[in-house]
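Reading through the structure tokens given below for one structure.
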Amino acid sequence: MTSIGLTPSLRMTYASPIEAELTRLSEDLGHCPDLVARYPMRWLAIQLLEGDALLQAEVERLGGSVASEALAASRMRLETHYGEDLDVAMVDQRYRFVHDLAAQALTRPKTPSLTMSDRVDRIVTNRWLGIPIFLGLMWVVFKLTTDVAAPFVDWIDAVLTGPVSHWIISLLSITGLSGGWLESLLIDGVIAGVGGVLVFIPVLFSLYFALAILEDSGYMARSAFVMDRLMHRLGLHGKSFLPMIVGFGCSVPAIYATRTLENERDRILTGLLVPFMSCSARLPVYVLVAAIFFPTMAGLVIFGLYLTGILVAIGLGILLKHTLFGNELPTPFVIELPPYRLPTLRNIWQQMWERTAAFLQHAWTIILGTSMLIWLLLALPVSGEGGFAETDVDQSAFAAVSGVVTPVFAPLGFGSWETSGALLTGFVAKEVVVSTMIQVYNVPGEEEEEAVATTFGEDLLAIGGSFVSATSDALKAIPSIIGINLAAEEDEQAPDGLTGAIRQGFDASSGGHGALAALAFLVFVLLYTPCMVAVAAARQEFGSRWMWVSIIGQFVIAWLAALIVFQGGRFFL
Amino acid sequence: MADLTIALAGNPNVGKSTLFNALTGKHQHVGNWPGKTVAKQEGKLIIEGKHLTIIDLPGTYSLSAHSPEEEIARNFIVCGRPDAVVNVLDAANLERNLYLSAQILETGAPMILVLNMTDVATARGLQIHPEVLSTRLGIPVITMAASRGQGLSELKRLLATLARTPREAMVGSSVCA
Amino acid sequence: MLQKVLQALEETQGPVSLDELSRQLELDVGVLEGMIDFWVRKGKLKDSRLAACAGGCGNCNPGAQGCTFDRGRPRSITLT
Ligand SMILES: Nc1nc2c(ncn2[C@@H]2O[C@H](COP(=O)(O)OP(=O)(O)OP(=O)(O)O)[C@@H](O)[C@H]2O)c(=O)[nH]1
Ligand SMILES: [Mg+2]
């Protein structure tokens, strides 16, 4: 063969009214040499009828009014056949043409071969297995975040309260500023407050690690699918769980994510429920309190809290759907379940880092600000003898302010000014609950046994050494996630100052039921307003009225739930 | 001076750049996600003493130019007047890919179909009948697995034949605005 | 063929995955995606990936630490 034909012999034919106009239009446009020089006429006519704005502008520019009038006339004539949907008709006919072509050129297997993803999905999105698998994975996530992160938490804590504090004190003494209010601000305010939150970075890091794996592997989409199917069966229509998945990370983007819901009522309803998904900023509070009161089953407690959040959201959703929000028509939706794949280290690292960085940014702004404010309020005496920065915390302005709301929490078992104060500041952000607690329970006096003077180098060596042992502890903790306990149970250390103070505080306010009160406290933290930014987001998205409904509703639900936990528990114990 | 200009066009992520690299010996960015090639790339291929310019175009799902990359591809196919458009298709996703082919057919441009990724299609149990496409459309159809080098020599032979064929004079080589 | 996609969505009960829908309509997933894109451009369907906050994360997130968390949200398509 010496010559080959590349010019197609088949071209697709549109329905006859369209074909007639195509012929007519390409003839009309063919009178304009500028267009002929540039474009194949039939193709141009097709694109114009399909409504290509770019080409229409070109035709107006090059062909002038004659061309555009010809186009308008063709469109007008076709409107009687197709109304507004000429483009739909043309694209549809092209799809049919292609479908026929493919049907001839392709033999599909009788029974389509199942891909790996399909097989996994049969199990993971199974009607009955889907939810238990979701819960099981959640359980692993919280074991991971608590057990594996714990040694690193201790390590950062030791570094901050040990060497770093010493360095600051030494630095102050060199500059001749030691012993005064500045030292108190830096040590009791900044280190205790911001440091108290930074200590939990490893916990967040492991949570973000787990979330990144779930997202990157493709499982997260399945969990949303499975949960949404459940919600649908429970009468909650709409893709409400999609924003909620985001809520495990942070409530704020979750509130904005409700924008993708079509129906205004679904949007508001989901916006009201999203804050009950436990956001990552609440995790440090859980870890701190659970480690003190439930050291052997912290993971279980935290898992229970997350589950409680989901259940409250679903229960409340059903309740609202049957009352305030009437029975809306369901919003059907399609969800993309991406094929499963091995998460890449690069992606995981990037996500962990970005999210942790977002959290750190928060630490430097909001947490630093509130820590300093609380330090100021704690340093201001309102009664008693002490002067500024020397007062007994019980006699501080902060105690006085917090004391006002204390009665509200008394029936819940945590009616002390310390916890009330922590919850009050918690309206700003949940991390602040931790920093406030550490500041208010920061028992002064019992100065740590005057540290043996160490050099900077020795300090660094010690930090490095303890990091290595923290890493090995963390590795030993991994098997325990699946139930094997390699690490010999460490002999419980005598409660240090903070642990003892918190335990005493809860015991005192609950008449001896400290653990129960602590649990009620955690439930309260889980359910009340996540943070100021979330409130602002809710106002922006749903208006002030719904913002108030949300704040008050969350408070009432949190209060009731904590009451049930504390009073109910006391009744049974 | 190039004897022939050949454009590689097709949906995103079907292996256009893989084929381009195999033909020209260049190192265009190849990777397993759509939208890597964002600008038109040129390379040279010499077959039997004839100089061919190969153009790698950004991937596009249609000629309706919904994005700047799609506009680049469309402008070249429609107004660049290549001597042949080599339409690369993902054989494992034939029907979707043929939508663009149907639109290229409408331009009346000289065309070669390359059904790439036949290894994937076979693994999925799909049986492709290139001869059916070839007779129905009246253009050459080549099966290929570009990443394994399969089907390359066939395409080169076809291009050689094309280069030997005397070309009809082009009606002015214009470019769209 | 195009209309079938909209119809199927209107009639569906609860969430469906893209794969389920493609089996139900006897269309390749790729073809279905193409049709969905068409309807999204026509404004009949809404794709969460292209919606306000999803992709750009531009002005919808004042002072939030949030944008990075939003990336975990799966893509979904709804009728408008
Ligand atoms: N299994 C298989 N993979 C292939 C084949 N050809 C290319 N690939 C792979 O497909 C992926 C996409 O290839 P590219 O050449 O980058 O695709 P492209 O069409 O240039 O993509 P865009 O420029 O993004 O539109 C790469 O990972 C290639 O290695 C093939 O025949 N079989
Ligand atoms: Mg490319």
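The values are calculated or read from the model by the stated rules, or taken from the named source; none is laboratory data. Predicted model, so just to flag it, every value in this text is computed and none were measured. Please note: Cβ atoms are built from the backbone with ideal geometry, for glycine as well, and neighbour counts cover all protein chains shown. Heavy atoms of the whole protein, side chains included, go into the accessibility calculation; ligands, DNA and RNA do not. Shrake-Rupley method; radii C 1.70, N 1.55, O 1.52, S 1.80 Å.
Tabulated data
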{"read-out": "Failed condition for A:Ser113, given (1) open to solvent by 30 Å² or more (accessible area, probe 1.4 Å); (2) within 42 Å of the chain's Cα centre (by Cα); (3) within 23 Å of C:Trp39 (Cα to Cα); (4) facing chain B (nearest Cβ under 10 Å)", "value": "(3)"}
{"read-out": "Selected residue [under 14 Å from the mean Cα position of the chain (by Cα), crowded, with 17+ Cβ neighbours inside 10 Å and within 16 Å of ligand 2 (Cβ to nearest atom)] from B:Val88, B:Val78, B:Val141", "value": "B:Val88"}
{"read-out": "A:Phe225 vs. criteria touching a residue at least 40 places away in the same chain (Cβ under 8 Å), more than 14 Å from chain C (Cβ to nearest Cβ) and not in a loop (DSSP other than H, G, I, E, B)", "value": "no"}
{"read-out": "Positions within region B:144-155 being more than 8 Å from ligand 1 (Cβ to nearest atom) and surrounded by 14 or more Cβ atoms within 10 Å (Cβ to Cβ), in sequence order", "value": "B:Gly151, B:Leu152, B:Glu154, B:Leu155"}
{"read-out": "Filter result for A:Ser206 (open to solvent by 20 Å² or more (accessible area, probe 1.4 Å), in the same structural domain as A:Ala158 (by TED's automatic domain parsing) and small (Gly, Ala, Ser))", "value": "no"}
{"read-out": "Flag if B:Lys40 is more than 14 Å from chain A (Cβ to nearest Cβ), more than 8 Å from ligand 1 (Cβ to nearest atom) and in contact with a His (Cβ under 9 Å, 6 or more places away or on another chain)", "value": "no"}
{"read-out": "Filter result for A:Tyr95 (open to solvent by less than 40 Å² (accessible area, probe 1.4 Å), without any contact (Cβ under 8 Å) to a residue 40 or more places away in the chain and more than 30 Å from B:Pro130 (Cβ to Cβ))", "value": "no"}
{"read-out": "Unmet criterion (only one of (1) at pLDDT below 70; (2) open to solvent by less than 40 Å² (accessible area, probe 1.4 Å)) for C:Ser17", "value": "(1)"}
{"read-out": "One residue from A:Val301, A:Val312 being crowded, with 18+ Cβ neighbours inside 10 Å and under 30 Å from A:Gly500 (Cβ atoms)", "value": "A:Val301"}
{"read-out": "Test: residue in region A:232-241 that is touching a strand residue (DSSP E or B) at 6+ places or on another chain (Cβ under 6 Å), part of a helix (DSSP H, G or I) and open to solvent by less than 30 Å² (accessible area, probe 1.4 Å)", "value": "no"}
{"read-out": "Single match in B:Leu63, B:Leu52, B:Leu19 (criterion: open to solvent by less than 10 Å² (accessible area, probe 1.4 Å) and within 13 Å of the chain's Cα centre (by Cα))", "value": "B:Leu19"}
{"read-out": "Of the criteria (1) without any contact (Cβ under 8 Å) to a residue 24 or more places away in the chain; (2) more than 24 Å from B:Glu154 (Cβ to Cβ), which one B:Asn21 fails", "value": "(2)"}
{"read-out": "Filtered residues of region B:33-64 (kept if among the β-branched types (Val, Ile, Thr) and either closer than 14 Å to B:Leu8 by Cα or near ligand 2 (Cβ under 10 Å from one of its atoms) (or both))", "value": "B:Thr37, B:Val38, B:Thr53, B:Ile54, B:Ile55, B:Thr60"}
{"read-out": "Residue list for region A:27-39, filter: under 55 Å from the mean Cα position of the chain (by Cα) and open to solvent by 50 Å² or more (accessible area, probe 1.4 Å)", "value": "A:Arg38"}
{"read-out": "Residue satisfying condition, being within 14 Å of ligand 1 (Cβ to nearest atom) and of a type in the set (Gly, Ala, Ser), within set B:Gly25, B:Gly59, B:Gly49", "value": "B:Gly59"}
{"read-out": "Matching entry among A:Pro332, A:Pro338 (being closer than 30 Å to A:Leu272 by Cα and modelled with pLDDT under 75)", "value": "A:Pro332"}
{"read-out": "One residue from A:Ile245, A:Ile318, A:Ile302 being touching a residue at least 40 places away in the same chain (Cβ under 8 Å) and either outside the structural domain of A:Thr356 (by TED's automatic domain parsing) or within 20 Å of A:Ser206 (Cβ to Cβ) (or both)", "value": "A:Ile302"}
{"read-out": "Region A:9-26 - residue that is at the interface with chain B (Cβ under 10 Å from one of its Cβ atoms) and open to solvent by 30 Å² or more (accessible area, probe 1.4 Å) and, of those, farthest from B:Leu159 (Cα to Cα)", "value": "A:Arg11"}
{"read-out": "Filter pass, A:Ser251 being surrounded by 24 or more Cβ atoms within 10 Å (Cβ to Cβ), more than 14 Å from the chain's Cα centre (by Cα), more than 8 Å from chain C (Cβ to nearest Cβ) and among the hydroxyl-bearing types (Ser, Thr, Tyr)", "value": "no"}
{"read-out": "Verdict on B:Val30 being more than 14 Å from every other protein chain (Cβ to nearest Cβ), open to solvent by 20 Å² or more (accessible area, probe 1.4 Å), near ligand 1 (Cβ under 7 Å from one of its atoms) and part of a loop (DSSP other than H, G, I, E, B)", "value": "yes"}
{"read-out": "Pair list, Cβ < 7 Å and 6+ apart or interchain, from region B:104-120 residues that are farther than 23 Å from A:Ser9 by Cα and more than 16 Å from ligand 2 (Cβ to nearest atom) to residues that are open to solvent by 10 Å² or more (accessible area, probe 1.4 Å) and part of a helix (DSSP H, G or I)", "value": "B:Asp119/B:Arg148; B:Val120/B:Ala92"}
{"read-out": "Pairs where the first residue, in region A:345-366, is facing chain C (nearest Cβ under 10 Å) and the second is of a type in the set (S, T, N, Q) and assigned to a helix (DSSP H, G or I), C-beta under 6 Å, 6+ apart", "value": "A:Glu354/C:Thr68; A:Arg355/C:Thr68; A:Ala358/C:Thr68"}
{"read-out": "Tabulated pairs, region A:458-469, first surrounded by 12 or more Cβ atoms within 10 Å (Cβ to Cβ), second among the aromatic types (Phe, Trp, Tyr), C-beta under 9 angstrom, 6+ apart or interchain", "value": "A:Asp459/A:Trp167; A:Ile463/A:Trp155; A:Ser466/A:Trp155; A:Phe467/A:Phe152; A:Phe467/A:Trp155; A:Ser469/A:Trp155"}
{"read-out": "Some residue of region B:65-73 being within 14 Å of chain A (Cβ to nearest Cβ), in contact with an Asp or Glu (Cβ under 7 Å, 6 or more places away or on another chain) and more than 7 Å from ligand 1 (Cβ to nearest atom)", "value": "yes"}
{"read-out": "Unique residue being at pLDDT 80 or above and crowded, with 21+ Cβ neighbours inside 10 Å when the list is A:Ala192, A:Ala212, A:Ala158, A:Ala150", "value": "A:Ala212"}
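The rows are residues; the columns are (1) touching a residue at least 40 places away in the same chain (Cβ under 8 Å); (2) under 34 Å from the mean Cα position of the chain (by Cα); (3) at positive phi.
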| residue | (1), (2), (3) |
| --- | --- |
| A:Val159 | yes, yes, no |
| A:Ser170 | no, no, no |
| A:Ser173 | no, no, no |
| A:Gly176 | no, no, yes |
| A:Phe205 | yes, yes, no |
| A:Ala212 | yes, yes, no |
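For (1) surrounded by fewer than 13 Cβ atoms within 10 Å (Cβ to Cβ); (2) within 12 Å of chain B (Cβ to nearest Cβ); (3) within 23 Å of C:Trp39 (Cα to Cα), each residue gets a yes or a no:
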site: A:Met41; (1), (2), (3): no, yes, no
site: A:Gly51; (1), (2), (3): no, yes, yes
site: A:Gly83; (1), (2), (3): yes, no, yes
site: A:Ala89; (1), (2), (3): no, no, yes
site: A:His99; (1), (2), (3): no, yes, yes
site: A:Arg119; (1), (2), (3): yes, no, no
